[in-house]
Every structure is written in C-alpha cells, then in structure tokens.
Amino acid sequence: MSGNKEEVDPRINGIKTKIRVVPDFPKKGIMFQDITTVLLDPKAFKDTIDLFVERYRDKNISVVAEARGFLFGPPIALAIGAKFVPLRKPKKLPGETIFEEYELEYGNDRLEMHVGAVEAGDRALVVDDLIATGGTLCAAINLLERVGAEVVECACVIELPELKGRQKLKGKPLCMLVEYR
Amino acid sequence: MQTIIALAPLVSHRLCLAPPPFPRHRLLCRRAPSIRLPSHRSSTTSFRLLSSFAASRDSEMATEDGQDPRIPKIASSIRVIPDFPKPGIMFHDITTLLLDTEAFKDTIDLFVERYKGKGISVVAGVEARGFIFGPPIALAIGAKFVPMRKPKKLPGKVISEEYSLEYGTDKIEMHVGAVEPGERAIIIDDLIATGGTLSAAVRLLERVGVKIVECACVIELPECKGREKLGETPLFILISSA
C-alpha cells in the first residue's frame, strides 16, 4: 500500500484535527469532510502541500491535474514545476474539450479537459481533496491516459476506505494523508 | 501562427457591453495559442505607473514605465476565446497561463511581492478560478485562504451576499467563523469585469468586520467599469485588456 510513510509523519495529526466533519451534508447519512477548515490554518495547509511536494518533487511530474476543487493542485504544481490542468464539469472550459463520463449515485456526470493541455508522454499526478468511490479519479485517469499521458499516482488528502475507491484507480497507486472510517 | 489584433473593445464574458457591430471574420483566434494583451494601442499607453502601496482610487497595475519584465509573458500566455459562453463575448482563458510554469509562478510572485509583510491574514478567493490563484498566494504570505462560493456548496453555516446579474441575481457565500473582525484581507479573482462578484465579496467580508486592503485580479476589462463598483476599495491588476 503506497502512502504509508505519511501516516507516521508528525504533521499528519495536525492536519487531521483541522478537518471538520459536517453531518448530513449534502444529505442525511453523509458525514461530509470539510477541508475549508484546513485552509484556515496556514500551518496545516502548508504542511498538507509540503507532504505532497516532498513526495513528488523528484519524480519528474510534468502535469498536476485536479478535478473541480483546484485548492491543492495549483500549489503542488507550482512547487514541483509542473503544469496545472483543471478538470471541470461540462461547459465550464471555454476551449475545445474531451470528456469522460462517470457514475454518480443516481445518473452520470462528465469531467472535461482542454484539448492540448496534456501531451503524450506527460507524467501526471492526479490530486483530489478526497477519494470516496473513486469515480471522479477514475474519470480523471481515463482522460489523461486517452491523450497519452502516464498517470504516475493519485494523491488525496482524505480517503474513505470503506467505499473502496482504491479499486477503481486502474492499478495506479494512491497516496493519502488521512483516513476517515 | 496568427497575431490577433482586436479591432473593437473586447467584450466581457460577463456581458457588460453589447456585441460590437463588426463582421465576425475578425474573430479568428479560436485556435491561436495566445493573444497579445492589451490590443492595438501601444503598450506604453496602456500601462500606468505603479505608485506606493497606499493605493490611489484608480486601478493600479503591476507595471512601471517600461513594464515589469514578467508581465508580457503572462499576458501572452492567456488565450482569448471568442463567442464563449455566447456570441460576442471574448472569454479570457487563464488555463493556458497555468500550462506555462514560468508564467504561473511569475503571476503568483507578483501578487506575493505586493502583499507579503503587510499584515494580511486573509486571502479570500472567489469560486472557481479565484481558487487557483488564492491558495498559492495565501501559502506564500502565511495567510489563511477563505473560499467564497456559490450557494449550497459550503457544508457549514454560511452568510451570503446577493449581487445583480444582467438578468436576475446570484449569491456568494462564506462560512461563518472563517474570518474575525479586525482581520486584514485581500480578495482574489482571475478577472474583473462588471465587478458584481467582487463587490459582493467586499460587502460580505466588511459585514463581518474585516478590512479589505485590496482586491487583486490577473485581468481587468476596464470598459466594464468594475472598478467603480468597488467604491473605496483599491484594485490591483496585472493586465488590462481593452
């Protein structure tokens, strides 16, 4: 299992304590992991970014992609000298796009990426604040692989392991900082 | 490679001007990798002097006479897409800036150099593209990052502020308790057009006792007069697209 090294890093607990869990959002039964409270703590936010940057800075990553949140990807990209590529819901990106569909609990949604943003041979890191079922990350991996990029790893702040998202990552390793059970 | 020269005032993607009465054949830049900003006027007339940090009422730009050398590269990395999201709108696409690692770094550096060491404890960013620029700035100056979002996205208790659209209204929201009275803040977005969203963000923060030191954007569309909506709040921009 990748990412275990981070579990003993002393910064992890500081990050974990800053995550606010909001029950019944967006609907009953869901314990929503609110990372905005991590962003309010400059040290916790910096530690989060540093943990990922330390892991990836020497891995020749040329692309950092993040779906919809854009909070963690850009700082990581800047620090490791990679391009940042936002993956967005339909109709948000103004140029020519390709899309990948993925399943929601009810129905489907789509993730889009600009044509030309990623090139064949790019080494990509996919970032998200949280992995639940893995649907979004799987769609992101597919988009990147379709244009010939190599997805090196997925990186998430939080994992909900009971939802088994790891199994949806097409064999790509997952690095996560905090588990929520 | 085509060089794109806009022959008319660029129209905001937030619909502040009627489409100009020019034939569409000039709008050939859909696949062009970059566009020079500002447009056909000489670059020296488009930039104004950067004064001291105590900003004047007018928009400030990040250039001296002769320009900060980083600005032209940043400007040329921004792609303008015509007719998005609808005909007549020239959409300023910063995603191409994010693909240029040096331009992205320089953009952040220009803001960080301005705001570091000024006692700013809050960087507020407006959804969604403000989230790309805000957090790196916040991290570099040691401030917290506060996302300001469309309704129903934030999970905790929120306060909201309404603002006008061309047709109807919209709201932005912020978590209760994210900021405290007396904090000093900057508000970041990729672009200011009419200033509707930014002025709502200013009002929202001021309602909870925060002092807005400045609003900061990569791009301004000056013909949309967003500066006027900000009232007393200073505006700092890198690039004026007119």
Item to check | All positions within the range B:103-132 that are touching a Gly at 6+ places or on another chain (Cβ under 7 Å) and not small (Gly, Ala, Ser) | outcome: B:Val123, B:Phe131
Checklist entry - Can you tell which of B:Ser160, B:Ser199 is farther than 18 Å from B:Ile94 by Cβ and more than 15 Å from the chain's Cα centre (by Cα)? => result B:Ser160
Next on the checklist: Suppose we keep only residues that are of a type in the set (D, E, K, R) and buried (at least 21 other Cβ atoms within 10 Å of the Cβ) within the range A:123-134. Which one would you say is farthest from the other protein chains (Cβ to nearest Cβ)?
Outcome noted: A:Asp128
Checklist entry - Restricting attention to the range A:42-86, which residues are more than 8 Å from every other protein chain (Cβ to nearest Cβ), in a helix (DSSP H, G or I), aliphatic (A, V, I, L, M) and more than 14 Å from A:Val157 (Cα to Cα)? => result A:Ala79, A:Ile80
Checklist entry - Of the residues that make up the range B:169-180, is at least one part of a loop (DSSP other than H, G, I, E, B), touching a residue at least 12 places away in the same chain (Cβ under 8 Å) and at the interface with another protein chain (Cβ under 8 Å from one of its Cβ atoms)? => result yes
Checklist outcome for this item: Residues of the range B:219-242 being among the hydroxyl-bearing types (Ser, Thr, Tyr), more than 17 Å from B:Asp93 (Cα to Cα) and in a strand (DSSP E or B), in sequence order, are none
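Identify all residues within the range A:90-106 that are outside any loop (DSSP other than H, G, I, E, B) and within 12 Å of chain B (Cβ to nearest Cβ); write none if there are none.
Answer for the range A:90-106, where residues must be outside any loop (DSSP other than H, G, I, E, B) and within 12 Å of chain B (Cβ to nearest Cβ): just A:Thr97.
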Checklist entry - In the range B:110-144, how many residues are within 11 Å of chain A (Cβ to nearest Cβ), farther than 16 Å from A:Val38 by Cβ and charged (D, E, K, R)? => result 2
Checklist entry - Using beta carbons and a limit of 8 Å, which pairs, at least six apart or on different chains, have the first residue in the range B:200-217 and without any contact (Cβ under 8 Å) to a residue 24 or more places away in the chain and surrounded by fewer than 23 Cβ atoms within 10 Å (Cβ to Cβ) and the second one of a type outside the set (Lys, Arg) and assigned to a strand (DSSP E or B)? => result B:Glu206/B:Ile212
Checklist entry - Out of the residues in the range A:1-31 that are more than 11 Å from B:Pro155 (Cβ to Cβ) and aliphatic (A, V, I, L, M), which is modelled with the lowest pLDDT? => result A:Met1
Checklist entry - Among the residues of the range B:139-163, which ones are crowded, with 19+ Cβ neighbours inside 10 Å and not aliphatic (A, V, I, L, M)? => result B:Lys144, B:Phe145, B:Pro147, B:Arg149, B:Pro155, B:Glu161, B:Tyr163
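The values are calculated or read from the model by the stated rules, or taken from the named source; none is laboratory data. The model shown is predicted, which means the values in this text are computed figures rather than measured ones. Because the Cβ atoms are built from the backbone with ideal geometry, glycine has one as well, and the counts that use them run over all protein chains shown.
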